[in-house]
1. Can you tell me which of (1) at pLDDT below 95; (2) assigned to a strand (DSSP E or B); (3) among the aromatic types (Phe, Trp, Tyr) is the one residue 40 doesn't meet?
2. Is there any pair linking a residue in region 6-23 that is at negative phi and of a type outside the set (Asp, Glu) to one that is surrounded by fewer than 16 Cβ atoms within 10 Å (Cβ to Cβ) and modelled with pLDDT of 90 or more, with Cβ under 8 Å and at least six apart or on different chains, and which?
3. Could we say that residue 41 is buried (at least 17 other Cβ atoms within 10 Å of the Cβ), without any contact (Cβ under 8 Å) to a residue 12 or more places away in the chain and not hydrophobic (A, V, I, L, M, F, W, C) here?
4. Taking the criterion of being aliphatic (A, V, I, L, M), open to solvent by less than 10 Å² (accessible area, probe 1.4 Å) and not in a loop (DSSP other than H, G, I, E, B), would at least one residue in region 17-28 satisfy it?
5. Would you check if residue 93 is surrounded by fewer than 18 Cβ atoms within 10 Å (Cβ to Cβ), assigned to a helix (DSSP H, G or I) and modelled with pLDDT under 90?
6. Name the residues in region 110-154 that are touching a residue at least 12 places away in the same chain (Cβ under 8 Å), out of contact with any strand residue (DSSP E or B) (no Cβ under 8 Å at 6 or more places or on another chain) and open to solvent by less than 40 Å² (accessible area, probe 1.4 Å), would you?
7. How many residues does region 63-100 contain that are among the hydroxyl-bearing types (Ser, Thr, Tyr) and farther than 18 Å from residue 158 by Cα?
8. Among the residues of region 44-59 satisfying the criterion of being touching a residue at least 12 places away in the same chain (Cβ under 8 Å) and over 16 Å from the mean Cα position of the chain (by Cα), which is farthest from residue 161 (Cα to Cα)?
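The values are calculated or read from the model by the stated rules, or taken from the named source; none is laboratory data. Please read all numbers here as calculations on a predicted model, not as lab measurements. Please note: Cβ atoms are built from the backbone with ideal geometry, for glycine as well, and neighbour counts cover all protein chains shown. Keep in mind that these areas ignore ligands, DNA and RNA; they rest on the heavy atoms of the full protein, side chains included. Shrake-Rupley method; radii C 1.70, N 1.55, O 1.52, S 1.80 Å.
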Amino acid sequence: HCNLRVFLIQRQLAALNRAGFLTVNSQPPVNGAHSTHPTFGWGGAGGYVYQKAYCEFFVSPDNANRLVSMVTDHPSMNLYAVNNAGNELRVGVEEGGATALTWGVFPNREILQPTIFDPSTFLVWAEEAFSLWTTMWLNLYEMDSPSYDLIETIRDTYYLVAIIDNNYIAGSSVENGGINNKNSNSLWQKLMETSHAVVQ
């Protein structure tokens, strides 16, 4: 399932990575797909499933600032970012800020929310994510080599960013069980525009 879900945003993910947005986690939006949908379905028959567009990645401070501007211009989006020093950036975020990323509506059951985003959990994950640059990647290269220096720079200066588009309807990749490619104002379209400006 996971590979098929990412297939819908594969082109965007590849372009983001080429532009220096080092993606970690992502999902396309879904608006009311049948719970038996071959790619997005879950939770048993008779229900409908939903998910907000979400992307998490490492970016340079300059790109983090570009993303802050992008999200500031799109009130349906939220941005959470933190660097290894603990400096945080937040846009469109109320206090608390926990939000469902994936949910389902089923007959004779309460609404299910298997995936949520919680800012405090994100900060704990960020510590682990930044430590992986040292424990997994630095050990592969000779000290003071260009690769070693690059990984140190990423670890020490980049931000781990999470962006949520709460408008899962306008940018939905899957709607009412079918595919919808009219995503002109979606998170994915705006990320492509922002990353394209970086490459030029």
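1. (2)
2. Matching pairs, first to second residue: 23/17.
3. On the way: buried (at least 17 other Cβ atoms within 10 Å of the Cβ): yes; without any contact (Cβ under 8 Å) to a residue 12 or more places away in the chain: yes; not hydrophobic (A, V, I, L, M, F, W, C): yes.
Yes: the conditions hold for residue 41.
4. Within region 17-28 (the criterion being aliphatic (A, V, I, L, M), open to solvent by less than 10 Å² (accessible area, probe 1.4 Å) and not in a loop (DSSP other than H, G, I, E, B)), the answer is no, since none of the residues qualifies.
5. Numbers: surrounded by fewer than 18 Cβ atoms within 10 Å (Cβ to Cβ): yes; assigned to a helix (DSSP H, G or I): no; modelled with pLDDT under 90: yes.
No, not satisfied.
6. Scanning region 110-154 gives 133, 138, 151.
7. Residues flagged as among the hydroxyl-bearing types (Ser, Thr, Tyr) and farther than 18 Å from residue 158 by Cα within region 63-100 amount to 3.
8. This residue is 46.
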